[in-house]
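Engineer: Submitted below is the structure of interest, expressed as structure tokens.
Since every read-out is calculated from the coordinates, none of them should be taken as a lab result. On a predicted model such as this, the values are computed, not experimentally measured, just so you know. FYI the Cβ positions are ideal-geometry reconstructions off the backbone, even for glycines, and counts take in every protein chain you see.
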Ligand code: RIB
Ligand code: CA
């Protein structure tokens, strides 16, 4: 089994939490660090929530670093209605035992990527892309040194979820996203086109609930919370599971279909800010990124159940 070294940048957030539980339980991934950013809830809560998930998963060996409290240029965003005021749905928050790492997220990303072999460290960005953009500002050689950059963000055929034009992570910090996509790194982007196919149906949630472990119980609680909120706010019967998709791809890329593309981000217009212009019909040399067009939803949930059972 090959092991992928990985930094997870996130804004937990219930689906971020499920992504962390999956990554922490996957022997295929060496999680070097978790970095957090303000997004679904403010930065102080996303940092605490990452440490809560880490403790429940029994992975205090992984350092957590707090990051950007606000986007590069835009005011702080929020999505508390989909994640609960504290950010972890119904889960009662607590002050985790293990603390936060010294130094900012951007510094932690640069240190870990630049001190390891070329292309050996992947980064998963599951929230606004501010920390990675700041890391690239800090170290100009970072983009070329990075391994796969897997991103939950954007929308093409699906339209947006925060506005008609944009998905939340890209909308929250369009300037950071534009900088990362233009940086020269290679991104595999899991936008709403793919993540809306990965829905936490009743049978899939029940399969997680059948696992006897603290991580599985917390995962199931997050999925139940999302199911309730989705029904109340959106009117859909089952909630899309966004953030575990990039993590699942790192473990089982065969669960997704992707296409080579060019990705640019609207940053000037307030009307269409954060729109991801995903172009497939471009010259191969300009198609540096890949866009997920399809997902094997049952395969993703089977993977989550398999890894949580293995870690139980
Ligand atoms: O649009 C979905 C994304 O926004 C997910 O990352 C979710 O956690 C929120 O941050
Ligand atoms: Ca997120």
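Engineer: Wrap a convex hull around the Cα atoms of the range 97-173, take a quarter of its surface area, and give that in square nanometres.
Structural biologist: 6.7 nm²
Engineer: Have a look at the DSSP beta bridges in the chain and tell me what percent are antiparallel, nearest 5.
Structural biologist: Taking every DSSP beta bridge with both residues in the chain, the antiparallel ones total about 35 percent.
Engineer: Of the beta bridges DSSP finds with both residues in the range 183-295, what % are antiparallel, to the nearest 5?
Structural biologist: Of all bridge pairs located within the range 183-295, approximately 85 percent are antiparallel.
Engineer: Average projected area of the Cα convex hull of the range 151-195, in nm²?
Structural biologist: 2.9 nm²
Engineer: Further question on the same structure: How much mean residue ellipticity at 222 nm does the chain get from its helices, if each DSSP H run of length 4 or more adds -39500 (n - 2.57) and you divide by all residues, to the nearest 500 deg cm²/dmol?
Structural biologist: -10500 deg cm²/dmol
Engineer: Given the options 157, 183, 213, which has the most mean-square fluctuation in a GNM of the chain, springs set between C-alpha atoms less than 10 angstrom apart?
Structural biologist: 157
Engineer: Then there's this: Quick check on the exposure proxy: order 307, 73 from fewest to most C-beta atoms within 10 angstrom.
Structural biologist: 73, 307
Engineer: Given just the C-alpha atoms of the chain, how large is their convex hull per residue in cubic angstrom?
Structural biologist: Taking only Cα atoms, the chain has a hull volume of 118 Å³ per residue.
Engineer: Using a Gaussian network model of the chain with C-alpha springs under 10 Å, which one of 199, 252, 231 is most mobile by mean-square fluctuation?
Structural biologist: Comparing 199, 252, 231 in a Gaussian network model of the chain, the most mobile one is 231.
Engineer: If I build a Gaussian network model for the chain, linking alpha-carbon pairs within less than 10 angstrom, which residue out of 80, 67, 39 has the largest mean-square fluctuation?
Structural biologist: Between 80, 67, 39, it is 80 that shows the largest mean-square fluctuation.
Engineer: What is the order of 285, 81, 167, 230, fewest Cβ neighbours within 10 Å to most?
Structural biologist: 285, 81, 230, 167
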